[in-house]
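K.L.:
For reference, the structure I am asking about is given below.
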Amino acid sequence: MAEYHLISNTDNERIDKFLSRELTDISRSYVQKLLKEQHILVNGKPVKANYKLSQEDSIEVSVPESEPLDIVPEDIPLDIIYEDNDILVVNKPKGMVVHPAPGHYSHTLVNAVLFHCGKDLSGINGVIRPGIVHRIDMDTTGSLLICKNDRAHQILAEQLKEHSITRRYQAIVIGNLKDDQGTVNAPIGRHPTDRKKMSTRSNSSRPAVTHYRVLERFGDYTYIECELETGRTHQIRVHMSSIGHPILGDKVYGPVKCPFKLEGQTLHAKTLGIIHPSTGEYMEFDAPLPEYFLKLLERLRK
């Protein structure tokens, strides 16, 4: 366990801001996590992230060691878009769960990444989600970012929180969108009666913004690009359904019956853009559309 002992040299500054500046190897979002879990004490007592410091406040920070991994590595082929010492970007296939969960403890992306990377993964998100900064649904394909060390993870998690990561998806929705582009600004939270679903009519919503533009029209269907400003669970699926244009093949937020054999929704995380945690340069990665998606576009064009 890493321990830090500091004396505040500022008045009326938030503790999370102060510590993220003083401890250069720890991001502000991770400081907030440590505060929430009471690993940070001020004058011997736990405080919240918005605590305002006074000069001579005594601050103790204990950073717990990463938990040892107990997920079994599996030799599952990965479609690697980019890799270096800090990050790995993969093109996740349809039907693959990102990390182990009840009912899916093997054959996940994490199992595959553990085999590929060995111990070179960040441990910030614990034993179940090593290296995982963000997720996409099981039946969504496309770009996914994985971090190989805690420093990269902290920096990229901060970018994700500040909405500075570029995430553009492509999808086919049901119906003919009225406008060529638009924005859905509707908070999302857990569905009030169905705990497996998310909703724009939740009692505990968080802000959610999706920008969309039309790429191609097919009469009964529309091919679109969506850019996320926020990253809530099922965000694009919920937002497009909320304006009457659910994702084609989405049986949770759209019609149960689909005229095409898709085995999941037509949603693909195509473009991912980040500021590299070591070089500071902006990098953009592109995951090509899967074959089933391309074939469906050809069919709709005919």
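K.L.:
Out of (1) modelled with pLDDT of 90 or more; (2) in contact with a Pro (Cβ under 6 Å, 6 or more places away or on another chain), the odd one out for VAL238 is which?
P.N.:
Failing condition for VAL238: (2).
K.L.:
Those residues that are of a type in the set (A, V, I, L, M) and either touching a helix residue (DSSP H, G or I) at 6+ places or on another chain (Cβ under 6 Å) or assigned to a loop (DSSP other than H, G, I, E, B) (or both), I need them from segment 228-261; list them, please. Show your work before the answer.
P.N.:
First pass over segment 228-261, keeping only residues of a type in the set (A, V, I, L, M): 228, 236, 238, 240, 243, 247-248, 252, 256.
Within segment 228-261, ILE243, ILE247, LEU248, VAL252, VAL256 qualify.
K.L.:
Taking into account only those residues within segment 263-288 that are in a loop (DSSP other than H, G, I, E, B) and touching a helix residue (DSSP H, G or I) at 6+ places or on another chain (Cβ under 7 Å), which is surrounded by the fewest Cβ atoms within 10 Å (Cβ to Cβ)?
P.N.:
So the residue we want is PRO277.
K.L.:
Could you list, in sequence order, all residues of segment 239-275 that are in contact (Cβ under 8 Å) with a residue 60 or more places away in the chain and among the charged types (D, E, K, R)?
P.N.:
If the condition is that a residue be in contact (Cβ under 8 Å) with a residue 60 or more places away in the chain and among the charged types (D, E, K, R), then GLU263, LYS270 are the ones that fit.
K.L.:
Quick one: ILE124 ticks every box in (1) in a loop (DSSP other than H, G, I, E, B); (2) touching a Lys or Arg at 6+ places or on another chain (Cβ under 9 Å); (3) modelled with pLDDT of 75 or more except a single one, so which number is it?
P.N.:
Every condition holds for ILE124 apart from (3).
K.L.:
Would you mention how many residues in segment 113-132 are of a type outside the set (D, E, K, R), open to solvent by 20 Å² or more (accessible area, probe 1.4 Å) and out of contact with any Asp or Glu (no Cβ under 8 Å at 6 or more places or on another chain)?
P.N.:
Here is the first cut: in segment 113-132, the residues of a type outside the set (D, E, K, R) are 113-118, 121-128, 130-132.
From the residues that got through so far, the ones that are open to solvent by 20 Å² or more (accessible area, probe 1.4 Å) too are 115-116, 118, 121, 124-125, 127-128.
From the residues that got through so far, the ones that are out of contact with any Asp or Glu (no Cβ under 8 Å at 6 or more places or on another chain) too are 116, 118, 121, 125, 128.
Residues flagged as of a type outside the set (D, E, K, R), open to solvent by 20 Å² or more (accessible area, probe 1.4 Å) and out of contact with any Asp or Glu (no Cβ under 8 Å at 6 or more places or on another chain) within segment 113-132 amount to 5.
Condition check ((1) open to solvent by 60 Å² or more (accessible area, probe 1.4 Å); (2) part of a strand (DSSP E or B); (3) modelled with pLDDT of 90 or more) across all residues:
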| site | (1), (2), (3) |
| --- | --- |
| ARG151 | yes, no, yes |
| LEU156 | no, no, yes |
| GLN159 | no, no, yes |
| HIS163 | yes, no, no |
| ASP179 | yes, no, yes |
| THR183 | yes, yes, yes |
| SER202 | no, no, no |
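The values are calculated or read from the model by the stated rules, or taken from the named source; none is laboratory data. As the structure is a prediction and not an experimental result, all values here were calculated from the model. Using ideal geometry, Cβ is built from the backbone for each residue, glycine included, and neighbour counts are taken over all protein chains shown. These area figures cover heavy atoms from the full protein model, side chains too; ligands, DNA and RNA do not enter into them. Shrake-Rupley method; radii C 1.70, N 1.55, O 1.52, S 1.80 Å.
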